[in-house]
Structure formats: C-alpha cells, structure tokens
Amino acid sequence: MSHHLKDLTIELEEKAGTVAAMAEALGKAGVNIEGICGFVVGDKGVGHLLVADAAKARQALQSAGARVTSEQEVLVLEIEDKPGTLGKLTRKIADAGVSLNAVYLATKTRVVIGARDLQKARAAVGEGAASRQ
C-alpha cells in the first residue's frame, strides 16, 4: 500500500551538531528520511525533510531542538538522472502558471515538488504522474 509523504520545513540553530542530533532523533524514533535539503539563512539553519510519518517526525525533531515551521503535501516523482530532465518537468508546471515553493532531490532518483497549488502542478505534469512513493 502506498503512503503519502510529507515535506516538513524546519529551523535549527546554526551550530555544530544540530544536524546530527536531528538525524539521530529521527533514527531513534524509527522515522526514515526519504529526502532532505538544508542551508543557512542568516543565523539559522533551514531545511526540508521528506517523511512518511509527519507526526512522529515532528515529535522527534522537537525533542532534538528543531522547530517545524510548516508541513505540506508534495509531489514526489521518479525522474531520469540525465541533463534536462528537471527543466522539462518544471517547465510544464511553470507553463501551467504554478509557482513552486520547494524543489529538492530525494532518495531513489526522485524529485520533490512543493507548490501552493499542488493540484494544478500535478495536472501540469500529467495525470499519470501522481506521487510515486
């Protein structure tokens, strides 16, 4: 049975060990990280996590000192690992007038797409491109 993956936006202190503590807490809670990206903005770490159990992940993240600032449904699509693939996919979404709020790679050559109008983004990439997990 397919499960729905969620994207969590998180904030961490920008100091040594915060990412390790976050990842360890998720591991101890039995939460698999399906996709992740992170960067520093000003004096804080900001990241996106793709997980199956958002509630369990949220609890583990908070115990590690991370702040979950948002949770959203996202498209998770298998893509080819070759030049131009992401451009073609995101062009379809852009041509449908959809603005993206997250794009990052996940495990197993998948791309994660977050958008304010997720249904319109899903339609733009084709009905057969429903989230593949």
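Within segment 36-58, residues that are over 18 Å from Ala20 (Cα atoms) have Cβ atoms under 6 Å from residues that are open to solvent by 30 Å² or more (accessible area, probe 1.4 Å) and in a strand (DSSP E or B) in these pairs: Ala54/Lys6; Ala54/Glu71, counting only partners at least 6 apart in sequence or on another chain. Restricting attention to segment 13-24, the residues being open to solvent by 20 Å² or more (accessible area, probe 1.4 Å) and in contact (Cβ under 8 Å) with a residue 24 or more places away in the chain number 6.
Checked across segment 64-79, the condition of being free of Cβ contacts under 8 Å to residues at least 40 places away in the same chain and open to solvent by 50 Å² or more (accessible area, probe 1.4 Å) holds for no residue.
Residue pairs whose Cβ atoms lie under 8 Å apart, sitting 6 or more positions apart in sequence or on different chains, and linking a residue in segment 88-99 that is buried (at least 18 other Cβ atoms within 10 Å of the Cβ) to a partner that is of a type in the set (A, V, I, L, M, F, W, C) and assigned to a loop (DSSP other than H, G, I, E, B), are Leu89/Ile79; Leu89/Val125; Ile93/Val125.
Considering Val98, Val31, Val68, the condition of being touching a Lys or Arg at 6+ places or on another chain (Cβ under 9 Å) and either at positive phi or not in a loop (DSSP other than H, G, I, E, B) (or both) is satisfied by Val68 alone. Of all the residues that make up segment 34-59, how many are surrounded by fewer than 16 Cβ atoms within 10 Å (Cβ to Cβ) and assigned to a loop (DSSP other than H, G, I, E, B)? Of the residues in segment 34-59, 3 are surrounded by fewer than 16 Cβ atoms within 10 Å (Cβ to Cβ) and assigned to a loop (DSSP other than H, G, I, E, B).
Just one of the listed residues (Gly114, Gly30, Gly97, Gly35) is under 17 Å from the mean Cα position of the chain (by Cα) and modelled with pLDDT of 95 or more, and it is Gly35. Applying the criterion of being within 19 Å of the chain's Cα centre (by Cα) and at pLDDT below 90 to the residues of segment 1-12, the residue that is surrounded by the most Cβ atoms within 10 Å (Cβ to Cβ) is His4. When segment 120-131 is examined, which residues are found to be at pLDDT 90 or above and surrounded by fewer than 18 Cβ atoms within 10 Å (Cβ to Cβ)? Across segment 120-131, the qualifying residues are Lys120, Ala123.
The values are calculated or read from the model by the stated rules, or taken from the named source; none is laboratory data. Because the structure is a prediction, the values reported are computed rather than measured. Please note: Cβ atoms are built from the backbone with ideal geometry, for glycine as well, and neighbour counts cover all protein chains shown. Only protein heavy atoms, including side chains, enter the accessible area calculation; ligands, DNA and RNA are left aside. Shrake-Rupley method; radii C 1.70, N 1.55, O 1.52, S 1.80 Å.
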